[in-house]
1. May I ask which of Lys150/Lys171; Lys58/Lys198; Lys188/Lys240; Lys86/Lys272 have a Cα-Cα span longer than 24 Å here?
2. Which value in Å does the Kirkwood hydrodynamic radius of region 303-388 take, with 1/r averaged over all unlike C-alpha pairs and then inverted?
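Just so you know, all these numbers are worked out from the coordinates, no wet-lab data involved. Note that the structure is a prediction, hence the values are computed from the model and not measured.
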Amino acid sequence: MAESAIPQLTLTPEADASGTAQAAVQPPAAPEPAPVLTPAPVLTPAPDPMEVLSPEEKQAVEDFSKKIDITDASQVLQYGAAAQKKVAEFSENALSSVRNKDLGEIGQSLSSLVASIDNFGAEPEKKGAFKGLFKKTEDRVQVMKAQYSKVEDSVDQISRQLQNHQIALLKDVAMLDQMYENNLQYYKELTMYILAGKKRLEDVRATDLEVLRSKAEQTGAPEDAQRYNDLVQMCERFEKKLHDLELTRTVSLQMGPQIRLLQNNDTQLAEKIQSSRMNTIPLWKNQMVLSLGLEHSRQATAAQNAVTEMTNQLLRKNADMLKMGTIATAKEAERGIVDIETLQHTNQQLISTLDEVLTIQREGAAKRKAAEEELNRIEGELRRKLMELHG
């Protein structure tokens, strides 16, 4: 990696805002799937801030410290603001990178893939009729072929989606590398501001402040004491400003391992996706082909077994029917034209019928005789009554 340029320190951040604003991280062009990048060591604080600087940068700190005017309130207010702004913009870009990434889509794609594989080869509804055996076998093979075609299309589609996710993750890994390098540069720039400020503050307190203190003590004039007090206040405000820059530098320091953690997560996920595309998906396809072949063999064996069973059933059934038919024929051949039982039943019924007819005739004659006597009685009564009327 080429040595980074020396950070440019400035006392007028507003004038340089248009240039520094463009220092935000820009995502690189989409890379082709390639071996996953190996993260660099995590940024760790050095025992002495000067150790992170090159001789040229140390000289730049020395030269810049001489330009700092602690008595200029506006300069103190804006001191290091350019570096702070870069860190703020950088943090916002890092947050946007994480916020705009929807890793849930990868989980959904993998879940859809598992569901498609899980449904392959499901048993169709069984039918018990033998006549539907070959039709059912053919239907099941066709169903499995249709399932294989459907699952294969689904797997290919999901594989393309996973490839797109992998490309996006590799882009993020490359972008995070760039962000990490930028963060190192921001950290170094803040360090240079802090070192230059501390050096200038130390020089002012050792020289200008001591001169004003001595003069105020010698003269006892209120204006000299006020000048001394004003410079003391300015030094304290500048010291607080340096403390703010140290806080910002700590934020930049913490961003290093955070970037690497995020980069490692993306790297591992990209490797997992590549493993799924290169190993798992082809293995599943092979297993589906084997399942289809095994189903052909299983159905052929089942069909042959069913044919054998049905043949034996037909032979046993026909033998039973032949036995029953032969016995029935023999029995029928030995029977007379009319069974004796039938003649006995007919004779009994005939005698019973004659007895009943005779009984009915006798009862009818008795009823007619009684009716004749009743008619004669009625006629006599009527005749007597008529004679009474005319007598």
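1. Lys150/Lys171; Lys86/Lys272
2. Hydrodynamic radius (Kirkwood, Cα pairs) of region 303-388 is 20.7 Å.
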